[in-house]
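Structure first, commentary second.
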Amino acid sequence: MMMVLELFVSPPPSVARVCMLQNSFQPGFVANGDYVIGGIFPLHYNQEMPDLNCTYRPTPVKCNGFDPRAFRWAQTMRLAVEEINQSTELLPNYTLGYKIFDSCAYPLTGQRAALAVLNGQSEDDTVMCSSASPLLAVIGESGSAQSIVVSRILQPFRIPMISYFSSCACLSDRRKYPTFFRVIPNDDYQVKAIAQLLVRFNWTWVGLVRGDHEYGRFAVHGLLRELQGTKVCVAYQEMIPLLYDHQRAMEIIQVMRSSSAKVVVVFSAEGEMTPFLRDYMMQNITGIQWVASEAWVTASVFTGSEYYPYLGGTIGFGIRRGHISRLSDYLQTVNPQMYPSSLLVKELWEALYGCSPSLSSASKLPPCSGQESLLEQHSAYMNTSSPRVAYNVYKAVYAIAHSLHNLLLCQPGSGPFQNNSCAQSNNIEPWQLQYYLQEVIFNIAGEEVNFDVKGDSVPYYDIINWQRGTGGNTEFVNVGLFDGTKPAGEELVIQEDRIIWAGHQSEVPVSVCSASCPPGSRKAARRGEPVCCFDCAPCDSGKISNQTNSIECTFCPEDFWSNKDRTACIPKKVEFLAYDSLGIALTVTSVVGACLTLAVFAVFFYHRNTPIVRMNNSELSFFILFALTLCFLCCLVFIGEPTSWSCMLRHTAFSITFSLCLSCILGKTLVVLAAFTAARPGDNMMKWLGPKQQRVIIFSCTLVQVVICAAWLIDAPPFPSRNTQYERSKIILECSVGSSLAFWCVLGYIGLQACLCFVLAFLARKLPGNFNEAKFITFSMLIFCAVWLAFIPAYISSPGNYADAVESFAILASSFGLLFCLFAPKCYIILLKPEKNTKQHLMGKEKK
Ligand code: TRP
């Protein structure tokens with residue numbers, strides 16, 4: 001009751017028992033009736049800051065900036081009341097009265113208006129303490145901040161109020177605002193709709209601007225909540241101060257200008273938007289796509305052509321429009337002649353025509369001619385084509401009338417109150433009306449009106465787009481709707497092709513922090529920045545991303561690898577020593593080698609009776625040539641796709657043929673050595689090295705290798721394997737040795753034989769004779785050893801297919817080495833120098 005005390009200074013008991021009304025807050029419009037409802041409208045945009053000293057009587061409120069739009073709303077309330085009074089169906093035997101006050105769009109003045117509504121104009125009206133309330137309900141207020149204050153004042157008296165424009169979600173709290181109703185949807189739906197709009201147009205980087213009031217605060221809060229978990233990030237949040245401050249506004253504009261967020265969502269109303277937009281336009285900034293909240297998306301103040309370059313393309317959710325058939329006519333009846341004493345009408349004329357209708361006034365405007373007539377062009381006032389807020393006012397009045405009607409229809413004994421009682425028609429308590437309001441359900445022009453438990457109404461919005469009309473001014477075009485009663489996901493319906501965007505563009509503006517990452521890359525978060533700002537990191541090789549804006553690159557399945565763009569997995573390349581250029585070269589060489597060996601064989605066979613062939617142990621030579629042919633040929637097993645057979649064959653064939661070859665050479669060396677040592681008297685080495693023994697030696701030496709190979713094949717045979725380790729983008733088909741011990745044993749054995757040959761041949765190299773074979777054997781073994789020593793490191797460090805190539809190469813090289821060193825000199829003599837092919841010459845005894 002503090003507030004009431006503020007205005008009624010209760011006199012000490014000794015003075016008088018009457019209340020003295022201290023205030024002089026005059027209503028804008030009044031009409032008497034059986035039941036009076038209050039109306040509070042922001043007939044002015046703002047007011048001069050009041051002196052809030054509270055120790056003396058407050059000075060009269062001084063408001064600035066007449067708002068024709070709110071004036072229209074007030075007129076709509078009057079029209080509705082008049083319609084109801086004329087109606088023979090609704091409240092036939094009763095009349096409605098009203099008291100309409102101005103809140104100047106300011107909470108404190110709204111509070112004063114609320115008190116004035118309660119109190120009546122003079123002490124005579126102050127009957128509230130004795131009988132029923134002089135006031136049944138209040139229609140108001142516009143801004144949520146004001147509604148909150150008004151609601152708090154009305155609460156103790158349990159007077160219901162219906163707001164036509166207060167959408168703040170905070171007002172849905174029935175415990176805090178038990179008597180509050182509204183005919184506008186709760187902002188929770190609006191922020192949901194805006195969030196869906198942002199997501200829909202891929203605006204992931206947006207700025208938020210709001211006014212300094214409950215509406216802005218809760219809406220931004222709600223929007224942030226809705227945006228959580230979506231891909232939309234907020235670039236900045238700014239607040240236009242309650243008391244407009246140019247400096248601060250410039251700071252905000254600077255933020256808007258420098259940000260890469262081109263979409264700005266604004267929760268604000270004309271009051272603060274007007275000066276802000278003026279400053280904004282002065283800066284000549286373009287390219288901002290405004291998303292307007294319902295509070296200003298249909299504000300006709302901004303329809304002037306000067307606004308279009310800056311505000312054209314604005315999109316937002318407007319409250320549902322309706323049709324009031326008599327509104328236009330009714331508004332036209334208002335003129336200074338009809339209301340000579342009304343200050344508000346005077347102000348309306350001043351605002352619309354820029355002239356002063358009364359001569360007495362102290363205004364600086366020129367006097368009006370009296371011929372001025374209201375036309376559609378005065379859109380701020382006369383815009384009646386699609387009333388939205390005015391329609392809400394209209395619905396609110398009808399809601400009260402219908403409730404009252406229902407209340408009066410109550411049959412005693414079957415009423416809703418205690419003991420089934422009804423309200424007394426001459427003494428209706430406001431809370432009784434509230435009961436009926438809560439229950440009311442009626443139709444206006446086909447639209448059903450009712451309130452839910454929280455006093456809210458159906459969530460339905462039009463999507464409004466600001467487009468250029470004829471004459472350069474702005475037109476509010478309906479481009480879709482949001483129906484909150486539809487199941488999730490189907491609420492938003494947009495006709496995208498009809499939208500004109502900021503800058504008179506038909507393409508959807510882009511507002512992102514970072515452009516999306518193409519397939520083949522992934523988002524890489526930037527430290528300390530919102531998730532919408534990211535870099536694009538190309539996927540590593542072996543990983544792909546096939547969608548734009550992938551968060552992660554995914555590994556390709558086994559046997560697959562990423563393509564060059566990292567957008568798809570392709571089967572890995574399979575590599576082995578195939579019949580490509582290298583393979584063919586090796587094949588040809590080995591075949592040539594084999595043919596050459598056979599040719600030598602043929603030459604030797606043809607000349608088998610010449611001394612050079614006979615002397616050098618022809619049988620062993622043929623063995624060696626046979627073994628060499630095999631050596632050349634076993635190189636072929638290394639070429640081609642490895643199979644389990646070829647793998648097993650590879651090393652075994654090669655090792656056995658080489659062993660055979662080396663055994664023969666060893667045998668030969670031994671024979672040479674024995675032959676010469678036997679020449680010395682008393683020795684009989686040759687006896688031990690007859691052809692039979694030679695065969696045994698060859699056989700047994702080779703057998704060792706055969707045994708090793710057999711053991712290898714039985715225990716851990718080589719097998720084909722896929723090597724993905726060496727190069728991850730390829731599958732290398734190779735033969736796994738199965739047992740490396742066996743592999744190195746085999747090689748080691750060959751090495752051992754070679755070394756033995758070398759040592760023995762080395763010992764025999766100085767022995768006499770023109771054709772001492774030991775020299776050639778030494779030489780061949782040197783080459784052989786060199787080749788295989790070089791082979792080992794090369795083999796170890798080469799991957800799969802190249803290791804095979806290296807091995808084939810070593811086989812060919814050493815085979816050729818043996819072939820040339822052992823047989824070239826003899827062939828030379830046989831074919832080119834047959835005269836030297838004599839025993840004498842060969843024994844070196846010729847010259848003697
Ligand atoms: N829906 C807004 C609200 O609830 C509408 C509004 C009217 C408004 N007057 C305002 C918003 C003044 C901000 C300031 O508040």
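Quick check on this structure: which one of Leu197, Leu154, Leu171 is under 28 Å from Asn443 (Cβ atoms), open to solvent by less than 10 Å² (accessible area, probe 1.4 Å) and away from the ligand (no atom under 16 Å from the Cβ)?
Result of the check over Leu197, Leu154, Leu171: Leu154.
Restricting to the stretch 235-244, name every residue that is of a type outside the set (Ser, Thr, Tyr) and within 16 Å of the ligand (Cβ to nearest atom).
Across the stretch 235-244, the qualifying residues are Glu238, Met239, Ile240, Pro241, Leu242, Leu243.
Between a first residue in the stretch 449-460 that is under 15 Å from Gly322 (Cα atoms) and a second residue that is in a strand (DSSP E or B), which pairs have beta carbons less than 6 Å apart while being 6 or more apart in sequence or on different chains?
Val449/Phe442; Tyr460/Asp483
Whether any residue in the stretch 767-789 is open to solvent by 60 Å² or more (accessible area, probe 1.4 Å) and over 30 Å from Val613 (Cβ atoms) is what I want to check.
yes
Being within 15 Å of the ligand (Cβ to nearest atom) and open to solvent by less than 70 Å² (accessible area, probe 1.4 Å) narrows it down to one of Val206, Val232, Val191, so name that one.
Val191
On the basis of being open to solvent by less than 30 Å² (accessible area, probe 1.4 Å) and assigned to a loop (DSSP other than H, G, I, E, B), does Gly413 make the cut?
No: the conditions fail for Gly413.
List the helices (runs of 4 or more DSSP H) that sit entirely inside the stretch 724-843 and contain at least 1 residues that are at pLDDT 80 or above.
Output list reads 740-764, 773-797, 800-827.
Look through Val266, Val255 and report the one residue that is at pLDDT 90 or above, within 16 Å of the ligand (Cβ to nearest atom) and either in contact with a strand residue (DSSP E or B) (Cβ under 6 Å, 6 or more places away or on another chain) or open to solvent by 20 Å² or more (accessible area, probe 1.4 Å) (or both).
The match here is Val266.
Looking only at the stretch 599-651, count every residue that is in contact with a Pro (Cβ under 7 Å, 6 or more places away or on another chain), open to solvent by 20 Å² or more (accessible area, probe 1.4 Å) and part of a loop (DSSP other than H, G, I, E, B) and tell me the total.
Count: 1.
Output the number of residues of the stretch 454-506 satisfying the condition of being of a type in the set (Gly, Ala, Ser) and under 30 Å from the mean Cα position of the chain (by Cα).
Within the stretch 454-506, residues that are of a type in the set (Gly, Ala, Ser) and under 30 Å from the mean Cα position of the chain (by Cα) number 7.
Quickly run through the stretch 157-168 and pick out the residues that are within 14 Å of the ligand (Cβ to nearest atom), touching a strand residue (DSSP E or B) at 6+ places or on another chain (Cβ under 9 Å) and not aromatic (Phe, Trp, Tyr).
Those that are within 14 Å of the ligand (Cβ to nearest atom), touching a strand residue (DSSP E or B) at 6+ places or on another chain (Cβ under 9 Å) and not aromatic (Phe, Trp, Tyr): Met161, Ile162, Ser163, Ser166, Ser167.
For the stretch 284-333, give me the residue count where each residue is more than 33 Å from the chain's Cα centre (by Cα), away from the ligand (no atom under 16 Å from the Cβ) and assigned to a loop (DSSP other than H, G, I, E, B).
10
Among the residues of the stretch 508-562 satisfying the criterion of being in contact with a Pro (Cβ under 9 Å, 6 or more places away or on another chain) and open to solvent by 70 Å² or more (accessible area, probe 1.4 Å), which is modelled with the highest pLDDT?
Arg522
Restricting the search to the stretch 379-392, which residues are within 19 Å of Ser293 (Cβ to Cβ) and part of a helix (DSSP H, G or I)?
Correct list: Val389, Ala390, Tyr391, Asn392.
Run down Gly738, Gly748 and say which single residue is among the small types (Gly, Ala, Ser) and under 22 Å from Leu789 (Cα atoms).
Gly748
Output the residues belonging to the stretch 26-71 that are in contact with a helix residue (DSSP H, G or I) (Cβ under 7 Å, 6 or more places away or on another chain), part of a loop (DSSP other than H, G, I, E, B) and over 30 Å from Gln86 (Cβ atoms).
Pro50, Val61, listed by residue number.
For a quick check of your reading: which strands (runs of 3 or more DSSP E) sit entirely within the stretch 449-539 and have at least 2 residues that are over 30 Å from Trp561 (Cα atoms)?
Fully inside the stretch 449-539 and qualifying: 460-468, 474-483, 492-494.
Residues Gly489, Gly446, Gly455, Gly469: which one is touching an Asp or Glu at 6+ places or on another chain (Cβ under 6 Å) and at pLDDT below 90?
Residue meeting the stated conditions: Gly469.
Filter the stretch 269-278 down to the residues that are open to solvent by 20 Å² or more (accessible area, probe 1.4 Å) and either within 33 Å of the chain's Cα centre (by Cα) or without any contact (Cβ under 8 Å) to a residue 40 or more places away in the chain (or both), then identify the one that is farthest from the ligand (Cβ to nearest atom).
Ranking the candidates gives Arg278 first.
Confirm whether Glu226 is of a type in the set (Asp, Glu), away from the ligand (no atom under 16 Å from the Cβ) and in contact with a helix residue (DSSP H, G or I) (Cβ under 9 Å, 6 or more places away or on another chain).
yes
Whether any residue in the stretch 127-150 is modelled with pLDDT of 85 or more, more than 12 Å from the ligand (Cβ to nearest atom) and not aliphatic (A, V, I, L, M) is what I want to check.
Scanning the stretch 127-150 turns up no residue that is modelled with pLDDT of 85 or more, more than 12 Å from the ligand (Cβ to nearest atom) and not aliphatic (A, V, I, L, M).
Tally the residues that are free of Cβ contacts under 8 Å to residues at least 40 places away in the same chain and more than 49 Å from the chain's Cα centre (by Cα), restricting the search to the stretch 22-51.
Residues that pass the stated criteria total 3.
Identify the residue in the stretch 140-179 that is closer than 19 Å to Ala116 by Cα and charged (D, E, K, R) and, among all such residues, is farthest from the chain's Cα centre (by Cα).
Arg158
Show the residue pairs that are 6+ apart or on different chains and have beta-carbon atoms under 7 Å apart, the first residue being within the stretch 94-106 and more than 9 Å from Gly39 (Cα to Cα), the second being within 15 Å of the ligand (Cβ to nearest atom) and hydrophobic (A, V, I, L, M, F, W, C).
Filtered contacts from the stretch 94-106: Ser103/Ile40; Ser103/Phe41; Ser103/Ala113; Cys104/Cys63.
The values are calculated or read from the model by the stated rules, or taken from the named source; none is laboratory data. Since we're looking at a predicted model, the values are computed, not measured. Glycine also receives a Cβ, built like all others from the backbone with ideal geometry; neighbour counts cover every protein chain displayed. Just so you know, the surface numbers come from the protein's heavy atoms only, side chains and all, with ligands and any DNA or RNA stripped out. Shrake-Rupley method; radii C 1.70, N 1.55, O 1.52, S 1.80 Å.
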